[in-house]
1. If you stretched the chain out fully between residue 116 and residue 134, how much longer would it get, using 0.36 nm times the residue separation minus the C-alpha to C-alpha distance?
2. Mind ranking 164-171, 131-138 by how tightly packed they are, going by the mean number of other C-beta atoms within 10 angstrom, highest first?
3. Provide 103, 177, 38 in ascending order of the number of other Cβ atoms located within 10 Å of each residue's Cβ, fewest first.
4. Using the number of other C-beta atoms within 10 angstrom as an exposure proxy, rank 43, 89 with the fewest first.
5. Considering Cα pairs under 8 angstrom that are at least six residues apart, work out the relative contact order of segment 30-179 and quote it in whole percent.
6. Report the label-to-label distance for residue 167 and residue 43 in nanometres (one decimal), using points 7 Å from each Cα along the Cα→Cβ vector.
7. Report the full-extension gain for the segment residue 30 to residue 108: residue separation times 0.36 nm, less the Cα-Cα distance, to one decimal in nm.
8. Does segment 92-138 come out rounded, prolate or oblate by the C-alpha gyration tensor, with a ≥ b ≥ c the root eigenvalues, rounded set by a/c under 1.5 and, if not, prolate when a/b is larger than b/c and oblate if not?
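Quick note: the coordinates plus some simple rules give every number you see, no bench work behind them. Keep in mind it's a predicted model, so treat the numbers as computed, not measured. Cβ placement follows ideal geometry from the backbone for every residue including glycine, while neighbour counts extend to all protein chains displayed.
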Amino acid sequence: MKLNSTFLPRFFWLAALIISTSGLRAEEHATFPVGEFIFTRPVKWEWVESTSKMRKAQLKVTDAASKASADVAFYYFGTNGAGGVQANVDRWLGQFAEPKDQINAKVEHTTVGKTKLTYVQAEGTYNSGMPGGAVTPMPDYALVGAILESDQGNVYVRMTGPKAFVRSAVVDFKKMIEDGPKKD
């Protein structure tokens, strides 16, 4: 088969274009909005189909051996939704079976740009499930949460999973959270 001399350059140009844009497609949805904030999904974290209409985005973090994983859920209810910061901190800490003084509870307030952030951390037996519904006790679990305050409605982000694994993912979690607010 004899190839036309113009075919090969066009073929290689088209192949190069397809290859270069395929990388863009993989990262096309690496950023996503929740409320007024734009978050960047860490490269090794996976998208998950949301299990609740209340969740605006959901991610899964898996270790290299695929033996442990944590779920990351993003919530946004608009203005006046889901109560204030302290009510949500108390709700999250109340999801543990043990009393607050036994779950290594930590609450940290900080500011990134003009955005007030509240981080929440706890470890123990996490009661997974909807408030007021059936719960599944998850021993040796941890929660790392962030509340980003906004006049347009707060954004709530919560990571839960096995204690040791969640600890190993805290740095990536906080980077994702702190890169979300506008830095002006």
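1. Extending this stretch completely gives an extra 3.2 nm.
2. Going by the mean number of other Cβ atoms within 10 Å, highest first, we get 164-171, 131-138.
3. With the fewest neighbours first, 103, 177, 38 line up as 38, 103, 177.
4. By the 10 Å Cβ count, ascending, the order reads 43, 89.
5. 23
6. Going by the 7 Å Cα→Cβ label model, 2.6 nm.
7. 25.3 nm
8. It is oblate, given that a/c is not under 1.5 and a/b is not larger than b/c.
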